[in-house]
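Contents: one structure, followed by commentary.
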Amino acid sequence: MEKLLDEKLPLGILFHLRTKDCLPPVRKINPHDFHVATRSTSREVNRRIALNLVREHQPLSRADLARRMKVGRGVVSVLVNELIAEELIYEGATGQAARGRKPVFLHVRTHDRLVVAVDLRFSRTYLMLSDFGGRQLALEIFDTIFSPAELIRELAARIRRLLKKHGAPPYCEGIGIVVPGMVDHLTGRILNAPTLGWRGVDVRDQLAAATGTPVHVENAAKACALAQMWLGHKNDGGTHDFAYVSVSDGVGVGLVVNGELVRGHNSIAGEFGHIPMNIDGPRCLCGSTGCWEAYISNIATLSRYFERDSSRIEPVTVLDDDGEPFTIADLIVRARADEAKAKAAIGVTARYLGIGLATVINTLNPSRIYVGGEITGAWDLIDGEVRRALAERAMTNTAAETPIHITPAVEYPRLRGAAALVAAPTYAAPRVA
Ligand SMILES: [Zn+2]
């Protein structure tokens, strides 16, 4: 039970007594890197609280917002007016009231704020124009260009065309790019993207210069975790501690602990895809052997099905025995048609997926796990095997029951992740000590 000590305190000084917390938080203040809190800091915190409550519960009236914040209407009005002046929220339709003044509903402003999202994959590159909430307005798909300079030229030209075609002003709020690799969070440099063959590649600053628009680059799974935090629907309690596991050409994991994306000291945290399941296992695209990715990625699953060496498969397009392009979706169709070999191939993937998820759970104990990627199209076929393998390895019964939520591929979770790179800073808590 949270109790506000005194709502008549000056605006910006909201203190909550957290009687539900038996153990006090023990996060250390870094005496070498801090922002001194000022009167405006607490005011900014309260503004972000209001903004996030509107985002999660919209449409929301001022009275409802005041109830949720447990403060008076006057305090809320000042916060709301500031957010409207900053063009972060707007007043929409008028609601119904039995008597008295009809409430005006508040919404977060997303529909006329544009974002360009790019999902750079080994096989293809997806380019989406979306609003600030990750809602798709236009989508283009083209074969990935491996030369960074040529890719930047192509992206800049396509982005200009896309914005012009959709009647948008030549400026959009930002470009988010997700990549299958590790990205230095501070410099935006792509440290290592094994499938692209990129090490130490800068896309961020060059694309920003070519388009005149801020660019954000992030690992795909980490960006998916950000989208889950910030672009999701109403907070179902699962956005504070979770893992997002992305299974595609490779395997990535985005970790959120205490409401914060874990990046690690040098931006490589969450590389569960390269945890060894068996040091004598199949070759991985990272150059090592027996990594989790080498058992469950789309390439690994298709290699198993065709009984090929996964390190020799050309992942741009996997061909079947007749030389026709063949994808994980095709394999799922065959499994649904009851083809024993197809069922066996994805069954083994399911088993290793479950074992790896147990490692994630035993390491971080998240409240839930989200899984994205094409394999989710077969979830009804593999769910049982995934859970069986997970239960074998989870350290407690409760851990074995960790909920697993599927993000369907049709929702383009990686593109939403790219959009979240631009949108998330608007909603995030201000940084203080
Ligand atoms: Zn590996």
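Taking 0.36 nm per residue of sequence separation and removing the Cα-Cα distance, the Ile279/Glu140 pair yields an extension gain of 46.0 nm. Once the Cα atoms are used to define both axes, helix 379-393 deviates from the longest principal axis of the chain by about 90 degrees.
Using a Gaussian network model of the chain in which every pair of alpha carbons under 10 angstrom is joined by a spring, one finds that among Met229, Met395, Met182 the greatest mean-square fluctuation is at Met395. Bridging of Lys70 to aspartates and glutamates at a Cα separation below 16 Å is possible for Glu2, Asp6, Glu7, once same-chain residues fewer than 8 apart are set aside.
Remark on Gly372: its backbone amide H falls under 5 Å from those of Val245, Ser246, Val247, Thr407, a criterion applied only to residues 5 or more positions apart or on other chains, H modelled at 1.01 Å from N. Treating each Cα of the chain as an identical point scatterer and summing with the Debye formula, the log10 of I(q)/I(0) at q = 0.12 Å⁻¹ comes to -1.08.
Using DSSP to call loops (not H, G, I, E or B), can you name the chymotrypsin sites (Phe, Trp or Tyr not before Pro) in segment 124-183 whose Cβ has at most 16 other Cβ atoms within 10 angstrom?
On the way: sites: Tyr126, Phe132, Phe142, Phe146, Tyr171; in loops: Phe132, Phe146, Tyr171.
Hits after loop and neighbour filter: Phe146, Tyr171.
Subtracting the Cα-Cα distance from 0.36 nm times the residue separation, let me have the gained length for Ala391 to Asn362 in nm, one decimal. Display every interim value, and only then the final one.
Details: separation 29, 0.36 × 29 = 10.44 nm, distance 1.13 nm.
This chain segment gains 9.3 nm when fully extended.
Looking at segment 244-326, the GluC sites (Glu not before Pro) that sit in a DSSP loop and have at most 13 other Cβ atoms within 10 Å of their own Cβ are Glu307. Put in order of Cβ neighbour count within 10 Å, fewest first, the listed residues Ser42, Ser77 become Ser77, Ser42.
Within the listed set Gly167, Gly252, Gly273, the residue fluctuating most in the Gaussian network model of the chain (springs between alpha-carbon atoms under 10 angstrom) is Gly167.
Note on Asn258 and Glu324: with the Förster distance fixed at 35 Å, the Cβ-Cβ geometry gives a FRET efficiency of about 0.15.
Please work out the FRET efficiency for the pair Ser77 and His107, using the Cβ-Cβ distance as r and a Förster radius of 25 Å; give the result to the nearest 0.05. Present the calculation step by step, with values, prior to reporting the outcome.
Values: r = 17 Å, r/R0 = 0.67.
Calculated value: 0.90.
Please give the FRET efficiency for Arg39 paired with Glu87, using the beta carbon to beta carbon distance and R0 = 35 Å, rounded to the nearest 0.05. Write out the running numbers ahead of the final one.
On the way: r = 24 Å, r/R0 = 0.68.
For Arg39 and Glu87, the calculated efficiency is 0.90.
May I ask what percent, to the nearest 5, of DSSP beta bridges between residues of segment 236-413 are antiparallel?
So the antiparallel bridges in segment 236-413 amount to around 55 percent.
GNM on the chain, alpha-carbon springs under 10 angstrom: the most fluctuating residue among Gly133, Gly323, Gly92 is Gly323.
Each value in this text was obtained by applying a stated rule to the coordinates, not by laboratory testing. Since the structure is predicted, the reported quantities are computational estimates derived from the model, not experimental observations. Don't worry about glycine lacking a Cβ; one is built from the backbone with ideal geometry, like all the others, and counts go over all protein chains shown.
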